[in-house]
2 protein chains.
Amino acid sequence: MAQHVNSDPTASPESKRVPGVTVERLSIYSRVLAVLEKEGRDTASSSLLAERTPFTAAQIRRDLTWFGQFGTRGKGYPIAELRQKLNEILGVNVPRRVALIGVGNLGSALLGYTGFGEHNFQIVAAFDAEPKKVGTKTPQGIPIYAMRDLLRVVNAAEIEIAILAVPVEAAQKALDAVIEAGIRAVLNFAPAPLNAAPPVRLRNVDLSIELEGLTYYLAHESES
Amino acid sequence: MAQHVNSDPTASPESKRVPGVTVERLSIYSRVLAVLEKEGRDTASSSLLAERTPFTAAQIRRDLTWFGQFGTRGKGYPIAELRQKLNEILGVNVPRRVALIGVGNLGSALLGYTGFGEHNFQIVAAFDAEPKKVGTKTPQGIPIYAMRDLLRVVNAAEIEIAILAVPVEAAQKALDAVIEAGIRAVLNFAPAPLNAAPPVRLRNVDLSIELEGLTYYLAHESES
């Protein structure tokens with residue numbers, strides 16, 4: 001266990017036991033289970049889960065033991081029960097209220113991204129530095145506020161998460177502002193990694209990494 | 001080795017030896033090395049890399065042995081050389097030409113995403129179903145074509161990668177069209193996972209997974 005925890009430098013020892021990489025695998029298990037459930041299955045073995053994910057059956061069994069015993073040996077995991085348990089662990093069994101910082105192209109795209117709502121994330125307020133946008137609503141009906149209203153709106157609307165969709169040069173200032181407003185979970189889309197000290201949790205989304213996962217195969221195709 | 005390869009169901013046995021999860025770690029090593037280089041370092045030990053990534057030093061050493069021996073035992077990896085080698089392996093040492101399918105909010109945001117250019121990805125053509133947009137250029141000067149011109153433009157511009165930034169209901173049709181046009185690497189942003197048969201490589205970007213990596217900590221904060 002200690003080895004697992006140490007392998008995750010984002011872990012502050014007092015705040016968690018499960019490594020961040022395990023948490024990411026749980027999200028993937030939860031999605032694969034949803035697909036298996038749609039296929040009409042009731043149970044899933046670790047080998048079946050391994051077939052549908054990039055992980056080994058042994059890895060999957062190890063991950064799931066962090067959260068106690070599921071199912072009966074030999075019969076596989078009960079899908080509905082395991083999914084619900086995973087969603088509880090991931091904290092997505094209850095709606096999470098999100099503030100969007102920056103209503104440019106990316107922010108507008110994220111407002112229309114139906115995948116968030118499907119996973120219980122609700123963008124309830126948007127913020128922009130552009131005076132023309134402030135006081136209007138997005139096409140989805142989300143009010144757009146000025147950055148100076150952040151603290152007030154975050155408290156009133158009980159917002160827990162901020163998504164930063166601002167230009168690189170505005171990213172650090174936006175991060176400082178959301179932390180000042182009491183937000184402890186931040187997803188940064190600006191293509192410059194930011195840092196935040198615990199208890200704030202920050203994730204930098206790097207879209208070019210997704211493309212690199214493809215170029216490897218382009219570069220090595222001729223070897224096949 | 002066999003175990004590693006088997007652990008990746010996206011691997012077609014003839015086309016690769018390195019598992020997809022290793023490839024993703026290589027991208028992260030490459031980025032961390034860039035940061036270390038900026039800090040003025042010449043060499044990096046596996047323990048230093050472990051401090052800056054969610055992986056153990058043993059895992060990092062194991063990953064890097066896929067690509068032969070680097071550096072001298074005890075002195076750490078030479079940063080510039082390792083970075084260059086990783087970028088070659090990842091296929092990002094040469095520019096890669098990309099087509100963007102869909103010039104809505106998300107597509108417009110991706111056109112302005114400077115992170116792609118920094119990693120040698122060049123969006124050279126955009127496509128849209130909207131007749132009003134076809135024949136115009138994006139603010140970045142990228143021409144917007146009709147979908148029926150896909151095959152011709154992909155060949156003429158030697159495009160290797162397609163990014164799908166279309167609505168869910170248009171995603172499968174857009175995927176069929178880019179495959180038909182000979183593209184073998186596809187990044188899908190529509191929030192419905194698509195599938196493609198080898199030799200086509202497809203990655204589904206799921207932005208809600210990024211948020212789930214945060215809610216876990218929100219859900220478990222009270223336990224700290």
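Below are the figures for this structure:
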item: Cα long-axis angle, helix A:168-180 against chain A (0 to 90 degrees, to the nearest 10); result: 90
item: Computed over chain A, Cα set: Rg, Dmax in Å; result: 20.0, 62
item: Equivalent ellipsoid, the range B:80-190 (semi-axes from 5 times Cα gyration tensor eigenvalues, Å); result: 25, 15, 13
item: Charge dipole (debye, nearest 20) of the protein assembly as shown; +1 at Cβ of Lys and Arg, -1 at Cβ of Asp and Glu; result: 260
item: Counting DSSP beta bridges with both ends in the protein assembly as shown, the antiparallel % (nearest 5); result: 15
item: Residues with amide H under 5 Å from that of A:ILE123, placed H, sequence gap 5 or more; result: A:VAL98
item: Simple spin-label estimate for A:GLN172 and B:VAL21 in nanometres, 7 Å along Cα-Cβ; result: 3.6
item: Evaluated over the range A:20-152, the Cα radius of gyration and Dmax, each in Å; result: 19.5, 62
item: Packing-based ranking, highest mean first, of A:52-62, B:120-130 given that Cβ atoms within 10 Å are counted; result: B:120-130, A:52-62
item: Chain B - percent relative contact order, Cα under 8 Å, separation 6 or more; result: 12
item: Where a label projected 7 Å from the Cα of B:GLN122 along Cα→Cβ would reach, residues of the range B:129-160 with amide N under 19 Å; result: B:137-145, B:152-160
item: Phi-based couplings in Hz for the range B:42-54 (Karplus 6.51, -1.76, 1.60; Gly and Pro marked x); result: 9, 10, 9, 7, 5, 5, 5, 4, 5, 5, 9, 9, x
item: Hz values of 3J(HN,Hα) by residue in the range A:128-141 - Karplus curve (6.51, -1.76, 1.60), Gly and Pro given as x; result: 8, 7, 7, x, 4, 7, 5, x, 9, 10, 6, x, 8, x
item: Dipole moment magnitude, nearest 20 debye, chain B about Cα centre, only Lys, Arg, Asp, Glu C-beta charged; result: 660
item: Value of relative contact order over the range A:119-224, rounded to a whole percent, pairs C-alpha under 8 Å and six or more apart; result: 17
item: Antiparallel %, DSSP beta bridges [both residues in the range A:96-208], to 5; result: 5
item: Per-residue mean of C-beta atoms belonging to partner chains within 10 Å, peptide A:198-211; result: 6
item: Trypsin sites (Lys or Arg not before Pro) within the range B:128-157, DSSP loop, no more than 10 other Cβ atoms inside 10 Å; result: B:LYS132
item: Shielding of A:86-93 by partner chains, average beta-carbon count, 10 Å; result: 5
item: Backbone HN-Hα couplings from phi across the range B:93-103 [Karplus 6.51/-1.76/1.60, Hz, Gly and Pro as x]; result: 7, 10, x, 10, 8, 10, 9, 9, 9, x, 10
item: Positive-pole candidate from A:GLN122, A:ILE79, A:LEU150, dipole of chain A, charges at beta carbon; result: A:ILE79
item: When the protein assembly as shown is reduced to its Cα atoms, the Kirkwood hydrodynamic radius in Å; result: 23.2
item: Given chain A, longest segment not containing exposed loop GluC sites (Glu not before Pro) (DSSP; at most 13 other Cβ within 10 Å); result: A:40-157
item: Inter-copy separations for B:ARG61, label at 7 Å along Cα-Cβ, nm, ascending; result: 2.8
item: Cut-off under 5 Å, modelled amide H: who pairs with B:VAL103 long-range; result: B:ALA129
item: Nearest 10 degrees, 0 to 90: helix B:207-220 Cα axis against chain B principal axis; result: 50
item: Theoretical ellipticity at 222 nm over chain A - DSSP helices of four or more residues, -39500 (n - 2.57) apiece, nearest 500; result: -12500 deg cm²/dmol
item: Mean-position separation - Cα centroids, the range A:110-137 and the range A:140-219, in angstrom; result: 13
item: Shielding by partners - mean other protein chain Cβ count within 10 Å, residues of B:114-124; result: 4
item: 14 Å reach of a label modelled at B:ASN155, 7 Å along Cα-to-Cβ, counting backbone N of the range B:180-194; result: B:180-183
item: Distant-in-sequence amide H partners of B:ASN188 (H built 1.01 Å from N, under 5 Å); result: B:LEU164, B:ARG203, B:ASN204, B:VAL205
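Since every read-out is calculated from the coordinates, none of them should be taken as a lab result. In this text, all values refer to a predicted model and were calculated from it rather than measured experimentally. Reconstructed Cβ throughout: ideal geometry from the backbone, glycine too, with neighbour counts over all protein chains shown.
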